[in-house]
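Working notes for the structure below.
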Amino acid sequence: MQHYSVAVIPGDGIGPEVMQEGLKVLEAIENIHGGLRFACDQFDWNCNYYLRHGRMMPENGLNILKDYDVILLGSIGAKEVPDHISVWELILPIRRAFQQYVNLRPIKLLRGLESPLRNKGYEDLDFVVVRENTEGEYSNMGGRLHEGTPYELAVQNNVFTRHGIERVVKYAYSLAKRRRKKRVTAATKSNGINHSMPFWDEIVKEIATEHPEIETNVYHIDALSAYFITKPEEFDVVVASNLFGDILTDLGAAIGGGLGLAPSGNINPERIYPSMFEPIHGSAPDIAGKGIANPIAQIWSISLMLEHLQQMEMSQLILQGIEEVLCEGKVRTADLGGNASTIEMGEEITKRILREH
Ligand code: ATP
Ligand code: MG
């Protein structure tokens, strides 16, 4: 019997709604496998918790999470609490404390979905973006000067360290080795950002030399964004800095069928600390409480979590279940042009997974 401990943080808005469906799928996996057990503990650390306690999680929150095998997150954010609190006091401390320096975002056009790209004949869209998750453009360094004068200015420093670049690029290559196309594409902008990006390029080149069996391409971020649309079939593993990766993965979510589908993993590759899996989308306050959110991004995040736990077969089974429901086309949430509820969609996928087996 294989036991895993899972810290579940449903969060705010549609987070708890989609998490509920995700957990049904996880239960189905336990039933099918027989030898797998997930001990899930739920934590109500969200914006409501903040309004009651003045903090997003208890003082020893990170210490509590540290001992879990994995963390499953819904989404965080509510209008009563500014983003810089909800994000900076919950998600970022978790990513930082647990050295989740890889943000992994698969971009895959699922069977059964319409997409402008599929109409162009791209059946085989299946790549992954590795986004640097701890440094780069999203540093807290900089400041503003001369406010209220004609000389007013703002400076934001990019921080790139050799250690930080090396570890994420190495991860990209180790991932490419396990994939079919054996290709790494690195995003740069060394013609415009002339200190940090040439540094990034140099390190990519050094690591590329150590992996002659992997093909390496380096594109400027502007061209690369266009290629996501015009030749997405070319990509296998795309590695990018924090900001570039952020933008590329929203674009990737769009070409993969929308935010309601897109999953992500915040990975600690050394497995010293727990990794965290969450949908790319936020708490979507506009549809929260209506029961109409698409739970697929959350369910797919659980499939990613199982892949991380090296339960490949179970991970695949979930993805297959999602695809079969999409192919059948009868049960779809509003974002996919249907009128099914979150619960109907979650239960249909769960049923399908149980039946397929
Ligand atoms: P955040 O700042 O937390 O990222 P946001 O306002 O930028 O939040 P999201 O919460 O990601 O945006 O949502 C953007 C839009 O996409 C929402 O208005 C919502 O209608 C739609 N959306 C997001 N997730 C889903 C989902 N799971 N199902 C259906 N629609 C969704
Ligand atoms: Mg957003």
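The values are calculated or read from the model by the stated rules, or taken from the named source; none is laboratory data. Computed from a predicted structure; not experimentally measured. Note that we place each Cβ from the backbone using ideal geometry, even for glycine, and neighbour counts take in every protein chain shown.
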* To do: Considering every residue within the stretch 314-326, establish whether at least one is within 16 Å of ligand 1 (Cβ to nearest atom), among the hydroxyl-bearing types (Ser, Thr, Tyr) and within 20 Å of residue 68 (Cα to Cα).
  => no
* Kindly indicate which of 245, 252 is under 17 Å from residue 164 (Cα atoms), within 16 Å of ligand 1 (Cβ to nearest atom) and either among the basic types (Lys, Arg) or not assigned by TED's automatic domain parsing to the domain that holds residue 304 (or both). => 245
* Of the residues that make up the stretch 294-306, is at least one surrounded by fewer than 21 Cβ atoms within 10 Å (Cβ to Cβ) and not basic (Lys, Arg)? -> no
* To do: Quickly run through the stretch 280-293 and pick out the residues that are modelled with pLDDT of 95 or more and either buried (at least 24 other Cβ atoms within 10 Å of the Cβ) or small (Gly, Ala, Ser) (or both).
  => 283, 284, 288, 289, 291, 293
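Among helices (runs of 4 or more DSSP H) lying entirely in the stretch 3-87, which contain 3 or more residues that are farther than 18 Å from residue 275 by Cβ?
Where helices (runs of 4 or more DSSP H) fall fully within the stretch 3-87 and carry at least 3 residues being farther than 18 Å from residue 275 by Cβ, they are 15-33, 47-53, 83-86.
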* Structure fact -> Across (1) away from ligand 1 (no atom under 11 Å from the Cβ); (2) closer than 30 Å to residue 205 by Cβ, residue 276 clears everything bar (2)
* What do you reckon, is residue 81 farther than 30 Å from residue 313 by Cα, in contact with a helix residue (DSSP H, G or I) (Cβ under 9 Å, 6 or more places away or on another chain) and β-branched (Val, Ile, Thr)? -> yes
* Structure fact -> Condition set outside any loop (DSSP other than H, G, I, E, B) and more than 26 Å from residue 169 (Cβ to Cβ), scope the stretch 97-123, selection modelled with the highest pLDDT: answer is 117
* Could you say which residue among 301, 341, 283 is closer than 19 Å to residue 111 by Cα and not charged (D, E, K, R)? -> 301
* Tell me, which residue of the stretch 3-55 that is free of Cβ contacts under 8 Å to residues at least 60 places away in the same chain and closer than 13 Å to residue 75 by Cβ is surrounded by the fewest Cβ atoms within 10 Å (Cβ to Cβ)? -> 16
* From the list 332, 271, 355, pick out the single residue that is surrounded by fewer than 17 Cβ atoms within 10 Å (Cβ to Cβ) and either among the aliphatic types (A, V, I, L, M) or more than 22 Å from the chain's Cα centre (by Cα) (or both). => 355
* Which residue pairs have Cβ atoms closer than 9 Å, lie 6 or more positions apart in sequence or on different chains, and pair a first residue in the stretch 324-342 that is without any contact (Cβ under 8 Å) to a residue 40 or more places away in the chain with a second residue that is away from ligand 2 (no atom under 16 Å from the Cβ) and small (Gly, Ala, Ser)? -> 330/338; 330/340; 331/338; 331/340; 332/338; 332/340; 338/329; 340/334
* To do: Output yes when any residue across the stretch 228-235 is in contact with a Gly (Cβ under 8 Å, 6 or more places away or on another chain), within 16 Å of ligand 1 (Cβ to nearest atom) and aromatic (Phe, Trp, Tyr), and no when none is.
  => no
* Any residue at all in the stretch 259-279 that is away from ligand 2 (no atom under 16 Å from the Cβ), within 19 Å of residue 323 (Cα to Cα) and at pLDDT below 95? -> no
* Listed residues 207, 193, 165; which is hydrophobic (A, V, I, L, M, F, W, C), away from ligand 2 (no atom under 16 Å from the Cβ), assigned to a loop (DSSP other than H, G, I, E, B) and without any contact (Cβ under 8 Å) to a residue 60 or more places away in the chain? -> 193
* When the residues of the stretch 75-90 are filtered to those that are within 11 Å of ligand 1 (Cβ to nearest atom) and in contact (Cβ under 8 Å) with a residue 40 or more places away in the chain, which remaining residue is farthest from the chain's Cα centre (by Cα)? -> 79
* Asked: Quick check, is residue 154 assigned to a strand (DSSP E or B) and either outside the structural domain of residue 218 (by TED's automatic domain parsing) or closer than 17 Å to residue 220 by Cα (or both)?
  -> no
